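The structure appears right after this line, and notes come after that.
The values are calculated or read from the model by the stated rules, or taken from the named source; none is laboratory data. All values derive from a computational prediction rather than experimental measurement. Quick reminder, even Gly has a Cβ in these numbers, built from the backbone with ideal geometry, and neighbours come from all protein chains shown. Areas reflect the complete protein model, heavy atoms only, side chains present, ligands, DNA and RNA absent. Shrake-Rupley method; radii C 1.70, N 1.55, O 1.52, S 1.80 Å.
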Amino acid sequence: MQIYTPPSRPRRTIRLTSRGRTALIVTGAVVAATAVAVPLLSTDEKKEPLALVVPEGWRAGQVYEAVDKVLALPGGTTKKSLEKANLKLPNDASGNPEGYLFPATYPIDKKSTPVSLLTYMVDTANKRFGGGTVTAGAERNAMNVYQTVTVASIVQAEAATKKDMGKVARVVYNRLDRGMPLQMDSTINYALNRNTLRTSENDTRLNSPYNTYVRMGLPPSPIANPGEEAMRAAVAPPQGDWLYFVTVKPGDTRFTADYEEHRRNVAEFNRTNKSAPAKSR
């Protein structure tokens, strides 16, 4: 299988703070192995089959662009195809496949079209998300499956490492249970279609249902397409009373239920990362 990795927007991971701005941490660009597969230039008459690799955490817009590129179609073609795709999405999705374009490797052949690829992705997501374990886990967390996918998408964006995913999911559920706003910069960045290290006070006043600083509860849809690890974390997070977390430095994410302890952790983060301060209020 021939795979060429074109440049793509780096994926950034965002950190949650308490009652104020989120501490934002870069976890690095998407690795070369998880990028769009397009044909290599070759003088060989025999060509290897092509493949499209959808990385964990990509947004739907990135997937649409990748499909356009791998099929050599004009930009915007795949997004327009949604009107006739008739994807098997939950009713809550209202036709928006965000969260259900499952991260995986998809074969490309002469018969591949935007509709066939999107259908393949959504059907794969339904198989992975439709099992009894996911349904039971969602019910245990007082969620439906679509809401659980939304939680998983936030976990995918927020967790610095796979081992932190379960704790991040628990923070989300603990905040929801206590009637606290989630206050996630990742949801604001989704609304603004950007990836950034800096979220201003003005951003936190954004009039959008994805602004989890001013809107209570989950955003109205997933904010990315989560992978299996993030979904497992959302279905069965570990027990804990954590309400706050901040990644002070790579490999050192601190979770706590104590606001004053969290403020001290944020202060340490600010001392360590003076170029991108985290604020808490």
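State yes or no: is Ser208 out of contact with any helix residue (DSSP H, G or I) (no Cβ under 6 Å at 6 or more places or on another chain), open to solvent by less than 60 Å² (accessible area, probe 1.4 Å) and either in a loop (DSSP other than H, G, I, E, B) or without any contact (Cβ under 8 Å) to a residue 24 or more places away in the chain (or both)? Here the answer is no, as Ser208 does not meet what is asked. Take the conditions (1) open to solvent by 60 Å² or more (accessible area, probe 1.4 Å); (2) farther than 24 Å from Arg194 by Cα; (3) touching a helix residue (DSSP H, G or I) at 6+ places or on another chain (Cβ under 8 Å); Ala85 misses just one of them, which is (1).
Gly179 satisfies every condition listed in (1) touching a helix residue (DSSP H, G or I) at 6+ places or on another chain (Cβ under 7 Å); (2) part of a loop (DSSP other than H, G, I, E, B) except (1).
One residue stands out in region 141-177 among those that are without any contact (Cβ under 8 Å) to a residue 12 or more places away in the chain and over 17 Å from Thr256 (Cα atoms): the one that is surrounded by the fewest Cβ atoms within 10 Å (Cβ to Cβ), namely Ala142. For the subset of region 71-112 comprising residues that are without any contact (Cβ under 8 Å) to a residue 40 or more places away in the chain and among the aliphatic types (A, V, I, L, M), which member is nearest to Phe129 (Cα to Cα)? Taking the candidates together, the pick is Leu89. The residue list Ser221, Ser200 contains one member that is modelled with pLDDT of 95 or more and in a loop (DSSP other than H, G, I, E, B), which is Ser221.
From Leu192, Leu182, grab the single residue that is farther than 20 Å from Gln147 by Cβ and hydrophobic (A, V, I, L, M, F, W, C).
Details: Leu182 fails: farther than 20 Å from Gln147 by Cβ.
The unique qualifying residue is Leu192.
If we scan region 114-122, do we find a residue that is open to solvent by 30 Å² or more (accessible area, probe 1.4 Å), farther than 18 Å from Trp58 by Cβ and either assigned to a loop (DSSP other than H, G, I, E, B) or not polar (S, T, N, Q) (or both)? Looking through region 114-122, at least one residue is open to solvent by 30 Å² or more (accessible area, probe 1.4 Å), farther than 18 Å from Trp58 by Cβ and either assigned to a loop (DSSP other than H, G, I, E, B) or not polar (S, T, N, Q) (or both).
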